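Note sheet for the following structure.
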Amino acid sequence: MIEFRNVSKSFWTGQQRKVILDQASFRVELGKSIGILAPNGTGKTTLINMMCGLEKPDEGEIMRSSKISFPLGFMGGLNNKHTATENCRYIARLYKLEPDYVEAFCRYLCNLEEYFDMPIATYSKGMRARFMLALLLALEFDIYLIDEGMPQSTDVEFNKKAGSVLRDRLQKSTVVIVSHQADILEAFCDTAAVLRDGRLSFYDTLEEAKQVYNYA
């Protein structure tokens, strides 16, 4: 469960204060996946980062009582000077998992071959994306956070393997996905909210949220 209690968040842009959330209170319950529709520039990434603790609110409280993922595609936590092997084993210890399992899982999924034992800094953008998604999938969470859809790779075999694992995980987990495109939410959520001008409004159906979002 994730609960926001009277949470406010804003930024100074250099010319004016940009309000992301204004006294927002809501709860994400296990088993009830939700989509959040928001135009570009309204703070989608900031909102998802606050859910997992990467950013703190200016005011209010955020309560967490479940295992919550970092946002899919988030590259923080990796040491570019270390190899994929070293990063796997370090992250495994942080999450109190068996390092051998996490390393073997990532080796199988992303299939980087000899590059797995080379520093992350030597990886292409696509290789980094494959490794990061594999590492995320090696860790099981109660709530998965997705910012603007799924990370994509140009590697067809990796997409097939990762997609299969991810679909299985999401069937047993709760998803929170934020996007400016309603069609991205349809694969994951039945209920949705709309974020606009610091206000987060919830609706019983995705269709209702889409109508408000499209014509507001």
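Observations on the model:
- For peptides 7-18, 136-147, 25-36, sequence by mean Cβ density within 10 Å, most packed first: 136-147, 25-36, 7-18
- Among beta bridges identified by DSSP and lying wholly in the stretch 60-216, the antiparallel ones come to about 50 percent.
- Degrees separating the helix 206-215 axis from the principal Cα axis of the chain, which is the longest one: 60
- For Ile20, the amide hydrogen comes within under 5 Å of the amide hydrogens of Lys9, Ser10, Phe11, counting only partners 5 or more places away or on other chains and with H modelled in the peptide plane.
- Charge dipole (Cα centre; +1 on Lys/Arg Cβ, -1 on Asp/Glu Cβ; no other charges) of the chain amounts to roughly 360 debye.
- Straightening the chain between Asp155 and Asn40 buys 38.6 nm, computed as 0.36 nm per residue apart minus the Cα-Cα spacing.
- When the pairs Lys9/Lys32; Lys32/Lys160; Lys81/Lys160; Lys18/Lys161 are compared against a 31 Å limit on Cα-Cα distance, Lys18/Lys161 fall above it.
- 11 Å beta-carbon shell around Asp197, net charge (K/R +1, D/E -1): +2
- Förster radius 25 Å - calculated FRET efficiency between Ser8 and Asp204, Cβ distance, rounded to 0.05: 0.45
- Short-range pairs are left out: with C-alpha atoms under 8 Å and at least six residues apart, the relative contact order of the chain is 28 percent.
- The phi-based Karplus calculation (6.51 cos²θ - 1.76 cosθ + 1.60; θ = phi - 60°) puts the 3J(HN,Hα) values of the stretch 98-114 at 6, x, 4, 5, 4, 4, 5, 4, 5, 4, 5, 6, 8, 6, 8, 6, 5 Hz, whole numbers, x for Gly and Pro.
- The phi-based Karplus calculation (6.51 cos²θ - 1.76 cosθ + 1.60; θ = phi - 60°) puts the 3J(HN,Hα) values of the stretch 8-20 at 10, 8, 8, 10, 8, 8, x, 10, 7, 8, 9, 8, 8 Hz, whole numbers, x for Gly and Pro.
- For the chain, the longest principal axis of the Cα atoms and the long axis of helix 156-172 meet at an angle of about 50 degrees.
Readers should treat all values here as calculations from the given coordinates under stated rules, not as data from a laboratory. These numbers come from a predicted model, not from an experiment. Using ideal geometry, Cβ is built from the backbone for each residue, glycine included, and neighbour counts are taken over all protein chains shown.
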